[in-house]
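*Asks:* The structure under discussion is supplied below as structure tokens; questions concerning it will follow.
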Amino acid sequence: MDTSTFIVLGIIAVVVIYFVMIYNNLVRLKHNVSQAWANIDVMLKQRHDELPKLVEVCKEYMGYEKTALEDIIKARSAVASAQQSQNMGALGQAETQMRLGLGNLFALAEEYPDLKANNSFQQLQSRISGLESDIADRRELYNSSVNLNNVRIEQFPDVIIAKKFNFGAFDLLEFEEAELKDVNIKSLFNS
């Protein structure tokens, strides 16, 4: 073999190694998104399990605040459904309703001193608030992982490998604008 054959084989080897590295990086990014989603999923399930306990404790004290409790139950069901189908759009909407419902419930609880003093309520409120914070942190990590994946599958030359091996984009987990607004506590007591 002559020198030009070695050069051609060397160039082919470098190109193959380069494309293998791109493929492996795309696989890593895809699995990072899956792992980030799994972390959110764990937190959502834990919160899902705590909500019926919170509703039961509140029912004892807030019997006539039925609407607030029903809103939590409906939102819990919507979150579970969206979570199971991994529909990020629906999950974002359901999460917004859940967070607003919890905020309203905790605001209404301020009017019930016996409820606020209840040890079970305090523990559940603390646990759910902690889970909400953890979900927010994990949502940020998930969205960051999704963004990295989505950018890479659109960049050249990664787009070639991504299309060839069906690497797809993921949806961001976004909450509705309503969550960003302050809760009107005064309106809660006028209803």
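*Asks:* Looking at the structure I just gave you, is GLN84 within 16 Å of LEU173 (Cβ to Cβ), within 21 Å of the chain's Cα centre (by Cα) and exposed (fewer than 13 other Cβ atoms within 10 Å of the Cβ)?
*Replies:* On the way: within 16 Å of LEU173 (Cβ to Cβ): yes; within 21 Å of the chain's Cα centre (by Cα): yes; exposed (fewer than 13 other Cβ atoms within 10 Å of the Cβ): yes.
Criteria met by GLN84.
*Asks:* Report yes if some residue within region 48-69 is within 26 Å of SER144 (Cα to Cα), assigned to a helix (DSSP H, G or I) and either of a type outside the set (Phe, Trp, Tyr) or out of contact with any Leu (no Cβ under 7 Å at 6 or more places or on another chain) (or both); otherwise report no. If you could, list the steps in order and put the result at the bottom.
*Replies:* So the first thing to find is which residues in region 48-69 are within 26 Å of SER144 (Cα to Cα), and the list is 48.
Subsequent filtering for residues that are assigned to a helix (DSSP H, G or I) retains 48.
Checking which are either of a type outside the set (Phe, Trp, Tyr) or out of contact with any Leu (no Cβ under 7 Å at 6 or more places or on another chain) (or both) leaves us with 48.
Checked region 48-69: at least one residue is within 26 Å of SER144 (Cα to Cα), assigned to a helix (DSSP H, G or I) and either of a type outside the set (Phe, Trp, Tyr) or out of contact with any Leu (no Cβ under 7 Å at 6 or more places or on another chain) (or both).
*Asks:* Go through the residues of region 39-47 one by one and say whether even a single one is β-branched (Val, Ile, Thr), within 22 Å of GLU176 (Cβ to Cβ) and assigned to a helix (DSSP H, G or I). I'd like the intermediate steps shown before the answer.
*Replies:* Within region 39-47, the first condition is being β-branched (Val, Ile, Thr), and the residues that meet it are 40, 42.
Checking the rest, the ones that are also within 22 Å of GLU176 (Cβ to Cβ) come to 40.
Of the ones still in play, those that are also assigned to a helix (DSSP H, G or I) are 40.
Checked against the condition, which is being β-branched (Val, Ile, Thr), within 22 Å of GLU176 (Cβ to Cβ) and assigned to a helix (DSSP H, G or I), region 39-47 yields at least one hit.
*Asks:* Here is a further query. Can you find a residue in region 41-58 that is closer than 30 Å to ASP137 by Cβ, free of Cβ contacts under 8 Å to residues at least 24 places away in the same chain and surrounded by 18 or more Cβ atoms within 10 Å (Cβ to Cβ)?
*Replies:* The answer is yes; a qualifying residue exists.
*Asks:* If I filter region 113-147 down to residues being over 16 Å from the mean Cα position of the chain (by Cα) and of a type in the set (A, V, I, L, M), which single residue comes out as nearest to MET98 (Cα to Cα)? So that I can check it myself, show each step before the final result.
*Replies:* To start, the set of residues in region 113-147 that are over 16 Å from the mean Cα position of the chain (by Cα) comprises 113-127.
Retained after the next criterion (residues that are of a type in the set (A, V, I, L, M)): 115, 117, 124.
Details: LEU115: 21, ALA117: 24, LEU124: 15 Å.
Among residues in region 113-147 that are over 16 Å from the mean Cα position of the chain (by Cα) and of a type in the set (A, V, I, L, M), the one nearest to MET98 (Cα to Cα) is LEU124.
Computed from the coordinates by the stated procedures, all read-outs in this text should not be read as laboratory data. From a predicted model like this one, the values you see are computed outputs, not experimental measurements. When we count neighbours, we look across all protein chains shown, and the Cβ atoms used for this are built from the backbone with ideal geometry, even at glycine.
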